[in-house]
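Here the structure is laid out as structure tokens; the discussion comes afterwards.
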2 protein chains.
Amino acid sequence: MKRSQAPPRDPALLLWVVLARAFDAVERHSRASIARFRLGVTEFGVLEVLYHKGELPVCEVRRRILVESSSTTYVVDKLVKRGLVRRRPSAADRRVTLLSLTPAGRGVIRRIFPLHAQSMRQAVGALPSPEQRQAIDLLRTLGLGAAERHKASVDLEPLAEPQT
Amino acid sequence: MKRSQAPPRDPALLLWVVLARAFDAVERHSRASIARFRLGVTEFGVLEVLYHKGELPVCEVRRRILVESSSTTYVVDKLVKRGLVRRRPSAADRRVTLLSLTPAGRGVIRRIFPLHAQSMRQAVGALPSPEQRQAIDLLRTLGLGAAERHKASVDLEPLAEPQT
DNA sequence: ATCTAATATCTCGATTTCGAGATATCAACG
DNA sequence: CGTTGATATCTCGAAATCGAGATATTAGAT
């Protein structure tokens with residue numbers, strides 16, 4: 001066995017390491033599950049959010065799938081070409097494009113979502129329910145706090161160039 | 001305020017959502033911090049692991065930076081070209097290539113690691129120390145469990161094609 | 001009303017990452 | 001020994017993602 005522990009004595013650094021590892025391990029489940037349906041992770045994300053929230057602006061979708069806006073355009077393009085999603089200009093704000101599922105798109109996500117959900121339950125199932133709840137609270141605090149602090153620090157100077 | 005909560009009633013799915021969000025938020029700190037040094041996240045990862053562990057096989061490095069082997073080759077190539085890392089064939093196992101820092105590489109990582117560590121402490125600092133320890137335990141269990149279950153399930157059939 | 005700053009979306013080129021497969025070596029076993 | 005299966009590294013082309021910036025629109029302040 002090689003369960004050698006990565007050894008940052010500093011709990012904060014260790015937390016970052018185990019967070020990254022846990023995310024990676026669970027994400028592999030997600031990726032493999034979604035690959036069954038010939039979809040990419042972010043494509044699935046778009047379908048899923050539109051399925052559960054209904055018509056939404058692109059920027060709202062972007063927030064939830066955690067990628068940059070240019071990537072959002074790219075993924076939405078693919079889904080539109082596939083006939084699963086449709087774009088529509090917003091009347092209220094003419095900068096905004098609204099996204100919604102086509103009937104075909106709704107059919108797809110309705111069929112595959114339960115299967116994927118089951119995979120994700122399996123993925124995180126090593127943690128018993130009460131611990132899951134604890135983890136949810138802690139991760140929520142951690143995530144919100146980190147997002148907050150990120151906005152607050154838009155001022156780290158480039159300190160050095162390690163090489164030309 | 002739009003603190004509207006993503007509403008999976010299922011705790012397992014909610015856990016997955018908050019895990020992804022927390023990772024994303026903290027990773028933005030990491031990315032921004034490392035960008036100060038004109039390095040990519042995985043490049044930094046390679047330097048860091050070699051700094052703390054000494055000479056290691058490529059596959060060992062790969063395990064720790066959480067990317068696929070082809071990406072590892074790509075990143076190592078760049079670091080070698082920059083003169084920060086060196087490749088050396090292993091005597092014990094001729095399949096293996098050993099990686100180590102050059103003096104220049106060691107100089108770089110020694111200088112920047114403390115600054116990055118400080119950024120990461122700041123990133124996860126919204127969680128008080130006792131909660132950090134709790135989170136570490138929970139995430140470790142979650143991550144190891146998910147990795148375990150992933151190996152165990154190399155048998156999900158492609159179930160359907162949503163579209164041609 | 002006008003000006004300025006912020007927001008939303010998209011374009012385009014570059015970078016990063018992956019996936020499948022090629023090659024070489026090692027390990028285990030008969 | 002020879003075979004078979006696992007492991008380590010790398011190649012190559014495709015896919016995903018980003019970053020900077022262009023454009024249009026809105027919101028806020030004066």
List the number of the failed condition for B:D93; all other conditions in (1) assigned to a helix (DSSP H, G or I); (2) within 11 Å of DNA strand C (Cβ to nearest atom); (3) exposed (fewer than 15 other Cβ atoms within 10 Å of the Cβ) hold.
(1)
Can you name every residue in the range A:113-124 that is among the hydrophobic types (A, V, I, L, M, F, W, C) and facing another protein chain (nearest Cβ under 7 Å)?
A:L115, A:A117, A:M120, A:A123, A:V124
Filtered residues of the range A:28-57 (kept if of a type in the set (D, E, K, R) and more than 10 Å from DNA strand D (Cβ to nearest atom)):
A:R28, A:R36, A:E48, A:K53, A:E55
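For the range A:58-90, which positions are within 14 Å of chain B (Cβ to nearest Cβ), away from DNA strand D (no atom under 14 Å from the Cβ) and surrounded by 14 or more Cβ atoms within 10 Å (Cβ to Cβ)?
Initial filter on the range A:58-90 (within 14 Å of chain B (Cβ to nearest Cβ)): A:59-68, A:71, A:78-85.
After this cut, where a residue has to be away from DNA strand D (no atom under 14 Å from the Cβ) as well, the list is A:60, A:83, A:85.
A:E60, A:V85 - these are the residues of the range A:58-90 that are within 14 Å of chain B (Cβ to nearest Cβ), away from DNA strand D (no atom under 14 Å from the Cβ) and surrounded by 14 or more Cβ atoms within 10 Å (Cβ to Cβ).
Within the range B:137-164, take every residue that is of a type in the set (V, I, T) and at pLDDT 50 or above and give me the one that is surrounded by the most Cβ atoms within 10 Å (Cβ to Cβ). Walk me through it before giving the result.
First, the residues of the range B:137-164 that are of a type in the set (V, I, T): B:141, B:154, B:164.
Restricting the remaining residues to those that are at pLDDT 50 or above gives B:141, B:154.
Values: B:T141: 17, B:V154: 7.
It comes out as B:T141.
Results for (1) under 20 Å from the mean Cα position of the chain (by Cα); (2) of a type outside the set (D, E, K, R); (3) at pLDDT below 95, shown as yes or no for each residue.
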residue: B:C59; (1), (2), (3): yes, yes, no
residue: B:E68; (1), (2), (3): yes, no, no
residue: B:T73; (1), (2), (3): yes, yes, no
residue: B:R82; (1), (2), (3): no, no, no
residue: B:V96; (1), (2), (3): no, yes, no
residue: B:L101; (1), (2), (3): yes, yes, no
residue: B:G107; (1), (2), (3): no, yes, no
residue: B:R111; (1), (2), (3): no, no, no
Among the residues of the range B:56-90, what is the count of those that are away from DNA strand C (no atom under 12 Å from the Cβ) and β-branched (V, I, T)?
4
Does B:V49 count as within 12 Å of DNA strand C (Cβ to nearest atom) and β-branched (V, I, T)?
no
Taking A:F37 and the conditions (1) among the aromatic types (F, W, Y); (2) in a helix (DSSP H, G or I); (3) closer than 14 Å to A:H116 by Cβ, which numbered condition does it fall short on, given that it satisfies the others?
(2)
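When the residues of the range B:107-127 are filtered to those that are farther than 21 Å from B:A25 by Cα and surrounded by 16 or more Cβ atoms within 10 Å (Cβ to Cβ), which remaining residue is nearest to DNA strand D (Cβ to nearest atom)?
Pass one, the range B:107-127, residues farther than 21 Å from B:A25 by Cα: B:107-112.
Subset that is surrounded by 16 or more Cβ atoms within 10 Å (Cβ to Cβ): B:108-109, B:112.
On the way: B:V108: 20, B:I109: 20, B:I112: 18 Å.
Looking at residues that are farther than 21 Å from B:A25 by Cα and surrounded by 16 or more Cβ atoms within 10 Å (Cβ to Cβ), I get B:I112.
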Please work out which residue is farthest from B:D10 (Cα to Cα), limiting yourself to the range A:96-117 and to residues that are outside any helix (DSSP H, G or I) and away from DNA strand C (no atom under 11 Å from the Cβ).
A:T102
Note: among A:A12, A:A20, A:A25, A:A32, just one is assigned to a helix (DSSP H, G or I), surrounded by 23 or more Cβ atoms within 10 Å (Cβ to Cβ) and of a type in the set (A, V, I, L, M), namely A:A25
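The values are calculated or read from the model by the stated rules, or taken from the named source; none is laboratory data. Fair warning: this is a prediction, and the values are worked out from it, not measured in the lab. Because the Cβ atoms are built from the backbone with ideal geometry, glycine has one as well, and the counts that use them run over all protein chains shown.
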